[in-house]
Every structure is written in structure tokens, then in C-alpha cells.
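Q: Submitted below is the structure of interest, expressed as C-alpha cells.
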Amino acid sequence: MSEDKSPRHAAEPQAADVSEAQIAVHWPEEGYFSPPVQFIAQANLTDPGIFERFSLEHCPECFKEFADLLDWYKYWETTLDASNPPFWRWFVGGRLNACHNCVDRHLASHRNKTAIHFVPEPEDEAVQHLTYQELFVRVNELAALLRETFGLAVGDRVTLHMPMVPELPITMLACARLGVIHSQVFSGFSGKACADRIVDSGSRLLITMDAYHRAGDLLDHKEKADIAVAEAASAGHQIDKVLVWQRYPGKYSSPTALVDGRDVLVNDLLAKYRGRRVEPVQMPAEAPLFLMYTSGTTGRPKGCQHSTGGYLAYVTWTSRYIQDIHPEDVYWCMADIGWITGHSYIVYGPLSLAASSVVYEGVPTYPDPGRPWRIAEKLGVNIFHTSPTAIRALRRSGPDEPTKYQYHFKHMTTVGEPIEPEVWKWYHKVVGKGEAVIVDTWWQTENGGFLCSTVPAIHKMKPGSTGPGIPGIHPVIFDDDGHELPSGSGKAGNICIRNPWPGVLQTVWKDPDRYVKNYYARYCKDPKSKDWRDWPYLAGDGAMQAADGYFRILGRIDDVINVAGHRLGTKEIESAALLVPDVTEAAVVPVADEIKGKVPDLYVSLKPGLSPSPKIASKISASVVSRIGAIARPRRVVIVPDMPKTRSGKIMRRVLAAISNHQDPGDVSTLANPEIVEKIKGLAEGE
Ligand code: PRX
């Protein structure tokens with residue numbers, strides 16, 4: 001497959017006029033690459049008529065095709081109940097169970113097929129191949145335990161703080177079987193971050209694991225549970241029980257003691273439930289399936305509530321037609337199940353399609369950058385899914401490694417951040433050996449599944465751009481004044497989706513006002529309107545659309561930094577810094593990073609009389625790590641005598657961002673303290 005140098009349709013990208021906390025992506029439009037004919041020959045979706053079937057006029061009824069991929073106990077009556085915008089209800093009247101759809105329904109044809117390949121990080125430890133039958137047995141036994149020993153029932157929330165082990169999907173599916181709402185917190189998050197999510201969700205049960213492998217170490221994970229319980233208690237919320245899985249069943253691998261009367265070892269209790277079966281609960285389509293917390297414009301993470309029917313239909317359809325998953329495929333998404341990508345595209349989507357899904361415990365470059373390609377070779381992975389951050393890291397540390405291994409990908413996905421065309425081309429040529437189709441999928445925690453992407457057998461690929469909206473998704477770009485930019489204008493603005501779709505979040509847990517305000521208020525012309533067409537969904541990303549209809553995502557327009565493909569609220573990081581008593585003001589800005597895309601730089605000013613020292617700086621950095629997790633660790637902490645401020649006293653983060661990124665801060669003469677800019681520059685450069 002060669003690069004297609006045909007005339008470029010798109011206008012040159014414009015510098016985006018975006019918020020002060022954001023730096024746009026600049027690169028010229030690229031030429032097209034065609035999907036390989038071998039891929040097209042076997043693809044699930046090759047009919048371009050799909051776009052007519054899923055045109056705006058056919059919304060929402062067209063989404064029937066999505067729901068029809070699932071097994072329903074009771075078929076639904078109303079495709080979309082939009083009578084109370086923007087609280088959408090999908091497939092109303094229908095009843096189903098997500099666990100049944102991901103496990104039980106495959107037993108007839110795929111009982112002995114691998115559902116999950118678990119690859120431990122230590123390379124000398126055996127890979128575990130869990131068949132659908134084994135998954136069925138383990139999920140049932142755990143569901144029986146959760147129901148009978150802990151009394152869990154429909155609508156209860158349970159927080160999971162689990163690493164990348166098969167027990168995580170098992171636990172999620174056991175919850176889903178009972179209609180219990182799971183809320184998995186990324187294992188790299190701190191005990192405190194876990195506690196915030198426990199308190200918000202009102203969980204009384206925490207499910208965790210004693211330890212897990214990461215970058216060559218067996219990490220003590222149970223200690224985070226103790227911190228989480230203590231922090232929740234200090235916020236007035238009690239955790240009744242902590243269920244601890246063992247990384248090595250029968251052996252406790254954490255140096256942190258179990259707390260008598262509170263902590264229980266799941267494997268011990270399970271003995272009592274051997275062979276037990278639990279009927280899946282027939283849940284209404286609109287019953288919440290899980291919560292997934294994400295950062296937003298205010299400090300507090302938002303609990304995105306995802307539905308059972310709409311969400312599952314959405315991830316199943318997109319896994320089948322955008323990921324091109326067939327039951328015979330071996331599919332590896334290298335994300336963490338603690339993020340939405342893992343929920344949708346490691347667990348629910350692939351398992352709903354009876355695929356074999358790989359769960360890898362560790363870091364991609366451990367013990368060397370050949371690791372992912374060895375895994376792909378050994379397991380026969382043919383669909384691969386990862387983030388630009390991982391691709392950059394693998395390219396830097398082992399640019400020729402993929403050529404040493406005999407694997408063949410038919411399809412590869414990138415997700416989470418913009419990918420530089422140069423990195424895209426390495427992914428295509430070296431990782432994909434020029435044989436794979438690539439989809440650059442744009443979406444968010446709130447969306448359930450992909451929003452924009454090329455349809456792999458229909459569209460050409462264009463490095464650095466995601467595609468048009470997928471079938472049924474109708475994006476539009478508005479300017480700051482609420483005017484629609486003509487399609488294909490090449491101008492930057494705020495990307496929105498015109499129509500509701502089944503995968504979109506139902507609400508923000510316990511905070512419907514925040515849901516309306518965050519996602520719908522900005523471009524809704526008539527808040528009294530009962531017509532969904534008046535309620536565009538605001539994604540919070542800057543974007544532009546080229547003349548060929550492809551979108552280029554420019555990054556967040558709110559106070560969010562996308563680090564390694566994951567959203568961190570600048571306010572969350574700033575609040576963690578402000579917990580150090582020496583600090584008076586804190587400002588976080590995104591800095592371009594070769595591997596992670598963006599990383600946070602933290603500027604702080606200290607209480608009068610205190611002098612800057614490396615000790616204070618590391619105390620501040622440690623506070624951020626302990627409140628949020630290592631992912632939020634600032635690249636550096638710059639202690640400044642004062643912040644650049646407007647006359648009204650607002651910190652000018654734009655100026656700090658320019659300094660951190662070695663850019664021109666522009667005209668600073670209107671600041672209340674313009675002289676500070678040079679001083680800060682000197683300090684930042686001296687770091
Ligand atoms: O800014 C966009 C960026 O990641 C944000 C969503 O982050 P999160 O909710 O953590 O979900 C990540 C996985 C879906 C978006 O608002 N983003 C996501 N995918 C892309 C992207 N930016 C550019 N290109 C993408 N393909």
C-alpha cells in the first residue's frame with residue numbers, strides 16, 4: 001500500500017483560537033493512505049450506503065440496528081424517549097442483561113474458545129487462557145458470593161480499584177449480572193483519589209487486589225485500600241467491607257496486613273460457592289451499568305453514568321464495524337480497563353462479540369520494547385489498539401523491534417490524543433508492516449464509544465486526522481458566539497454532536513445540573529425545547545473540519561490537560577498543591593512532551609517570608625502524587641515570586657504556558673504586573 005499523493009482537498013490548518021490552558025496541534029494536512037484490499041475483502045462493513053441509512057433524518061430510529069446486535073429478554077418499544085431533554089432514554093421498555101450478552105449467549109457456539117488471554121508482566125509466568133465456559137463459571141460464583149455474603153442487589157454501587165488482571169472483568173461482569181453498578185477506579189490512582197470516587201458514588205464495598213506487577217516490581221496495592229477507607233471515613237462515609245483478590249490465589253502478596261472484621265479474601269470465600277449459578281437479572285435498558293469518573297472544569301471528578309442497553313448496543317456495534325472484530329479474531333487493546341477505553345474496548349465490546357480479548361498486566365516497554373510484539377506473535381493477535389503515547393514510547397525505545405517478530409495485524413486503532421503524522425506513519429509502516437488499516441478514533445469517557453473515525457474498509461486514512469462522524473454521529477463545529485461554521489471550512493471552533501446517540505452518558509451521578517451545564521447548556525438556543533435537535537452535545541474539544549469532511553482534533557477548550565491520553569483537571573492538580581501549607585497560589589499549564597503528548601508544569605507562589613527550596617518543591621510534587629496518582633506528577637514545580645495577573649487579579653495561565661513551551665507570551669503590557677514575566681522566564685529557564 002502506498003501513500004496516495006492525490007490533490008489535497010483540505011485547507012491548511014489555522015491556528016486555533018482556544019483557551020489559555022490549551023496549546024493547539026500544528027501540522028500540515030497529509031495525503032491519503034488506502035485500506036489494503038485484503039482487509040476490505042474480509043471486513044464487516046463495506047457498504048457505503050450505511051451513511052444514508054444513518055443520516056440525520058433517520059436518527060434516532062437508525063439505532064435499531066445497534067440494539068439488534070444484542071439479546072433482549074423483552075424487546076424495546078421506543079428507540080429514543082427524548083421527552084425530557086437532555087435526559088435521553090434509549091430502547092425504552094426493553095430488558096436485557098449485559099453479562100448474559102458478553103458471556104452466556106456465547107456458550108452455545110464458543111464455549112471452549114478463549115474469552116480472555118491474561119498476560120502477566122513477568123515473562124516467565126504462564127499466560128492464562130480463560131475460555132467462555134471458564135469465564136461463565138467464575139462470574140457466576142462471584143455473583144453468588146456478592147449477592148449472598150454481601151447482600152448486593154440491583155442499583156447498589158460498588159467501587160473497584162483493580163489492576164489489569166482477569167479478576168477485573170470477572171468482577172465487572174458479576175456486578176452486571178446482578179444489576180449492581182460498578183465504578184472501577186484506575187489502579188494507578190492514589191487511595192485518596194479512590195476515596196473521592198467512593199464517597200461520591202456512595203459505595204459501601206471496595207473490591208481491590210493485594211498486589212500487582214508493574215515495571216518489574218510487585219507493587220503493594222492493598223495499602224491504597226487502607227488509605228481510601230480512612231479518607232472516606234474522614235469525609236463521613238463508611239466502607240463496610242474490603243474484598244481483596246489475591247494476585248496469586250491462596251497466597252497473600254501484600255506487606256499490608258488485613259484489617260480484622262473489615263477485609264476479606266475473595267478466594268477464601270469463593271470456596272463456598274463452587275459450581276453455583278446465578279440467573280442474570282433482567283434489567284431495564286435504561287438501568288445504569290457503571291460509573292466512570294472523569295476530570296472536568298471544576299475540581300471534582302464527574303461520575304459519568306452509562307446505561308445498560310444504549311451503552312452495550314453502542315460498544316457492540318462500534319467494535320464490530322469500526323474495530324472490525326469477528327469472533328475468530330484475537331484482539332488486543334493495550335489500554336487499562338480503569339479507563340473508558342478498557343471498559344468499552346477490552347471488556348464489553350469485544351466480549352459481546354465473542355472475540356478473544358487480551359488483558360496485559362504491565363507496561364508495554366517491560367522488560368524491553370520488543371514485549372508487545374512478542375505477545376502479538378505468541379497469541380496471534382490480529383487487531384491492535386493503543387494510544388499515541390504508547391506508540392511514541394515504543395518508537396523511541398525500539399524503532400526496529402516490530403520487524404523482529406512474526407505477527408500480522410489486519411487492523412490497528414489509535415485513541416486518546418492527537419497523533420503526529422510522523423508517529424502515525426511509523427505505526428503504519430513498522431508496527432503494521434504496511435499491512436494494516438488504521439483508525440484514529442476520537443471520543444471521550446462521556447461518549448461510551450467512538451464518535452469520529454474512518455470506517456476502515458470504506459474511507460481512506462489521513463495521518464493526523466480522525467475521520468468524519470461514524471455512521472449515526474453528526475458532528476458540527478460552532479464558533480464562540482454560537483454560529484455554526486460551514487462544514488469543511490478548515491476553521492477552528494468547538495466541536496459538538498447534533499444528535500443524541502445510544503452510548504452517551506445518561507447524567508452525571510447525583511448531579512443532573514452539572515450534566516446539563518457541562519454538555520448541553522452552551523449551544524442550546526431554547527432550554528424549554530422538547531426537540532432533541534435543539535440540544536447539541538458539547539464535547540469540550542477544539543476542532544476543525546477539512547473540505548474532505550475529516551475532523552482534526554486540536555485539544556481541550558476547558559481546564560483539562562490530556563496527559564498520555566487521559567484527562568486531568570488542572571484544578572484538581574492545583575488544589576493538591578494548595579494543600580501544602582507553604583503554598584499561596586498554584587497554576588498548572590500543559591507542556592508539550594515528546595512521549596506523553598502533554599504533561600503538567602506547576603507554578604506556585606509561597607507564603608510571605610518563605611524562600612524557595614528544592615525541599616518545598618518536592619513536597620508539593622509529592623502532594624500531587626498522593627492526592628491524584630503518579631500520572632499527575634508535575635514535570636517540574638517552578639516557585640515564583642508572584643503570578644502574572646490581569647488587573648482583576650486573574651492568573652494568566654496562557655503566559656505561563658507560553659513560557660513553559662518556549663513560546664512568545666505575546667503582549668503582556670495589559671497585565672497588572674508585566675515585569676514579572678521576565679523574572680518567571682528566568683526562573684523557568686534556570687530549572
Ligand atoms: O481531547 C480529546 C482527547 O481525549 C479527550 C477524552 O479523554 P478521555 O475522556 O480520557 O477519553 C479518552 C479515551 C476515549 C477528548 O476530549 N482525544 C481522545 N481521542 C482523541 C483525542 N484527541 C485527538 N484525537 C483522538 N483520536
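Q: Testing A586 on (1) within 13 Å of the ligand (Cβ to nearest atom); (2) closer than 21 Å to P665 by Cα; (3) in contact with a Leu (Cβ under 9 Å, 6 or more places away or on another chain), one condition comes back false. Which one is that?
A: (1)
Q: Something else about it: Just to be sure before I move on: is A492 at pLDDT below 95, within 16 Å of the ligand (Cβ to nearest atom) and out of contact with any Pro (no Cβ under 7 Å at 6 or more places or on another chain) in the structure I sent? It would help to see each step written out before you state the result.
A: Details: at pLDDT below 95: yes; within 16 Å of the ligand (Cβ to nearest atom): yes; out of contact with any Pro (no Cβ under 7 Å at 6 or more places or on another chain): yes.
Judged against the criteria, A492 is a match.
Q: Sticking with this structure for a sec: Looking only at the range 580-617, which residues are in a strand (DSSP E or B), among the acidic types (D, E) and surrounded by fewer than 21 Cβ atoms within 10 Å (Cβ to Cβ)?
A: As a first pass, look at the range 580-617 and keep what is in a strand (DSSP E or B): 583-593, 597-606.
Within this subset, residues satisfying the condition of being among the acidic types (D, E) are 585, 593, 601.
Of everything in the range 580-617, those that are in a strand (DSSP E or B), among the acidic types (D, E) and surrounded by fewer than 21 Cβ atoms within 10 Å (Cβ to Cβ) turn out to be E585, D593.
Q: Got at least one residue in the range 589-607 being touching a strand residue (DSSP E or B) at 6+ places or on another chain (Cβ under 8 Å), within 16 Å of the ligand (Cβ to nearest atom) and acidic (D, E)?
A: Yes - at least one qualifying residue is present in the range 589-607.
Q: Let me ask something else. Given the criteria within 25 Å of the chain's Cα centre (by Cα) and within 30 Å of R392 (Cα to Cα), does R556 qualify? Please lay out each step first, then the result.
A: Working: within 25 Å of the chain's Cα centre (by Cα): yes; within 30 Å of R392 (Cα to Cα): yes.
Yes; evaluated as a whole, the condition is true for this residue.
Q: Still on this model: With the requirement that a residue be more than 10 Å from the ligand (Cβ to nearest atom), farther than 11 Å from R627 by Cα and of a type in the set (V, I, T), what does the range 562-583 give you?
A: Across the range 562-583, the qualifying residues are T570, V580, V583.
Q: Taking the criterion of being modelled with pLDDT of 95 or more and within 28 Å of the chain's Cα centre (by Cα), would at least one residue in the range 249-263 satisfy it? Outline the logic, then answer.
A: Step one: filter the range 249-263 for residues modelled with pLDDT of 95 or more, giving 249-263.
When the remaining residues are screened for being within 28 Å of the chain's Cα centre (by Cα), the result is none.
Within the range 249-263 (the criterion being modelled with pLDDT of 95 or more and within 28 Å of the chain's Cα centre (by Cα)), the answer is no, since none of the residues qualifies.
Q: Ok, one more. Name the residues in the range 474-531 that are among the aromatic types (F, W, Y) and over 23 Å from L312 (Cβ atoms), would you? It would help to see each step written out before you state the result.
A: Filtering the range 474-531 down to residues among the aromatic types (F, W, Y) leaves 478, 501, 509, 515, 519-520, 523.
Those that are among the aromatic types (F, W, Y) and over 23 Å from L312 (Cβ atoms): F478, Y520, Y523.
Q: Can you name the residue in the range 521-543 that is within 16 Å of the ligand (Cβ to nearest atom) and under 23 Å from S55 (Cβ atoms) and is also farthest from the chain's Cα centre (by Cα) among such residues?
A: If we filter the range 521-543 for residues that are within 16 Å of the ligand (Cβ to nearest atom), which is where we start, we get 522, 536-543.
Filter once more, keeping what is under 23 Å from S55 (Cβ atoms): 536-539, 543.
Numbers: P536: 22, Y537: 18, L538: 17, A539: 14, A543: 19 Å.
Among them, the one singled out is P536.
Q: If you check T365, T316, which single one turns out to be of a type in the set (V, I, T) and in contact (Cβ under 8 Å) with a residue 40 or more places away in the chain?
A: Values: T365 fails: in contact (Cβ under 8 Å) with a residue 40 or more places away in the chain.
None of the other options fit; the residue is T316.
Q: Somewhere in the range 368-383, is a residue more than 11 Å from the ligand (Cβ to nearest atom) and closer than 24 Å to G469 by Cα? Walk me through how you get there before you give the answer.
A: So the first thing to find is which residues in the range 368-383 are more than 11 Å from the ligand (Cβ to nearest atom), and the list is 368-383.
Adding the requirement that they be closer than 24 Å to G469 by Cα leaves 383.
Within the range 368-383, one or more residues are more than 11 Å from the ligand (Cβ to nearest atom) and closer than 24 Å to G469 by Cα.
Residue-wise test of (1) of a type in the set (S, T, Y); (2) more than 26 Å from T308 (Cβ to Cβ).
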position: W424; (1), (2): no, yes
position: A457; (1), (2): no, yes
position: T466; (1), (2): yes, yes
position: G469; (1), (2): no, no
position: A492; (1), (2): no, yes
position: W501; (1), (2): no, no
position: D513; (1), (2): no, no
position: Y519; (1), (2): yes, no
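Q: Right, something else. Looking only at the range 492-516, count every residue that is closer than 16 Å to N84 by Cβ and either without any contact (Cβ under 8 Å) to a residue 12 or more places away in the chain or not in a strand (DSSP E or B) (or both) and tell me the total.
A: 8
Q: Follow-up. I'd like the full set of residues that are under 23 Å from the mean Cα position of the chain (by Cα) and more than 21 Å from Y366 (Cβ to Cβ), limited to the range 378-408. Show your work before the answer.
A: Taking the range 378-408 as the starting set, the residues that turn out to be under 23 Å from the mean Cα position of the chain (by Cα) are 381-395.
Scanning the range 378-408 gives N382, I383.
Q: While we're looking at this one, here's another question. Within the range 524-564, work out how many residues are more than 28 Å from F290 (Cα to Cα), touching a residue at least 40 places away in the same chain (Cβ under 8 Å) and assigned to a loop (DSSP other than H, G, I, E, B).
A: Residues meeting the conditions: 7.
Q: Can I ask one more? Take the residues of the range 441-461 that are part of a strand (DSSP E or B) and either farther than 21 Å from Y407 by Cβ or not hydrophobic (A, V, I, L, M, F, W, C) (or both): which is farthest from the ligand (Cβ to nearest atom)? So that I can check it myself, show each step before the final result.
A: Step one: of the range 441-461, the residues part of a strand (DSSP E or B) are 441-442, 452, 461.
So of that shortlist, the ones also either farther than 21 Å from Y407 by Cβ or not hydrophobic (A, V, I, L, M, F, W, C) (or both) come out as 441-442, 452.
Details: T441: 5, W442: 4, C452: 8 Å.
Going through the qualifying residues, I end up with C452.
Q: Looking only at the range 389-418, which residues are more than 16 Å from the ligand (Cβ to nearest atom) and either among the hydroxyl-bearing types (S, T, Y) or without any contact (Cβ under 8 Å) to a residue 24 or more places away in the chain (or both)? Break it down into steps so the answer makes sense when it comes.
A: Just the residues of the range 389-418 that are more than 16 Å from the ligand (Cβ to nearest atom), to begin with: 393-410.
Passing the criteria: S397, T403, Y405, Y407.
Q: Turning to a different aspect of this structure: From the list L145, L135, L96, L152, exactly one residue is under 25 Å from G362 (Cα atoms) and either touching a strand residue (DSSP E or B) at 6+ places or on another chain (Cβ under 9 Å) or touching a residue at least 60 places away in the same chain (Cβ under 8 Å) (or both). Which is it? I'd like the intermediate steps shown before the answer.
A: Working: L145 fails: under 25 Å from G362 (Cα atoms); L96 fails: under 25 Å from G362 (Cα atoms); L152 fails: under 25 Å from G362 (Cα atoms).
Being under 25 Å from G362 (Cα atoms) and either touching a strand residue (DSSP E or B) at 6+ places or on another chain (Cβ under 9 Å) or touching a residue at least 60 places away in the same chain (Cβ under 8 Å) (or both) holds for just one of L145, L135, L96, L152, which is L135.
Q: Exactly one condition in (1) within 16 Å of the ligand (Cβ to nearest atom); (2) part of a loop (DSSP other than H, G, I, E, B); (3) at pLDDT 95 or above is false for T297; which is it?
A: Only one criterion is unmet by T297, namely (3).
Q: Out of K251, K241, K192, I need the residue that is without any contact (Cβ under 8 Å) to a residue 40 or more places away in the chain and either among the basic types (K, R) or closer than 30 Å to P369 by Cβ (or both). Which one?
A: After applying the criteria, what remains is K251.
Q: Something else about it: Out of (1) within 16 Å of the ligand (Cβ to nearest atom); (2) touching a Ser or Thr at 6+ places or on another chain (Cβ under 8 Å); (3) not in a helix (DSSP H, G or I), the odd one out for I325 is which?
A: In the conditions (1) within 16 Å of the ligand (Cβ to nearest atom); (2) touching a Ser or Thr at 6+ places or on another chain (Cβ under 8 Å); (3) not in a helix (DSSP H, G or I), I325 misses (1) alone.
Q: Right, here's the next one. Take the residues in the range 419-440 that are more than 15 Å from A390 (Cα to Cα) and under 21 Å from the mean Cα position of the chain (by Cα), then tell me which one is farthest from the ligand (Cβ to nearest atom).
A: Among those residues, the one meeting the criterion is I438.
Q: Residues of the range 334-345 being outside any loop (DSSP other than H, G, I, E, B) and either within 21 Å of H106 (Cα to Cα) or away from the ligand (no atom under 11 Å from the Cβ) (or both), which ones?
A: First pass over the range 334-345, keeping only residues outside any loop (DSSP other than H, G, I, E, B): 340-345.
G342, H343, S344, Y345 - these are the residues of the range 334-345 that are outside any loop (DSSP other than H, G, I, E, B) and either within 21 Å of H106 (Cα to Cα) or away from the ligand (no atom under 11 Å from the Cβ) (or both).
Q: Next up: I'd like to check which strands (runs of 3 or more DSSP E) are fully inside the range 136-221 and have at least 1 residues that are charged (D, E, K, R), surrounded by fewer than 22 Cβ atoms within 10 Å (Cβ to Cβ) and modelled with pLDDT of 95 or more. Even if it seems obvious, please write down each step before you answer.
A: Values: elements: 157-161, 181-184, 205-209, 211-214, 217-220.
Of the strands (runs of 3 or more DSSP E) lying wholly inside the range 136-221, those with at least 1 residues that are charged (D, E, K, R), surrounded by fewer than 22 Cβ atoms within 10 Å (Cβ to Cβ) and modelled with pLDDT of 95 or more span 211-214, 217-220.
The values are calculated or read from the model by the stated rules, or taken from the named source; none is laboratory data. From a predicted model like this one, the values you see are computed outputs, not experimental measurements. Cβ: placed from backbone, ideal geometry, glycine included. Neighbour counts: every protein chain shown.
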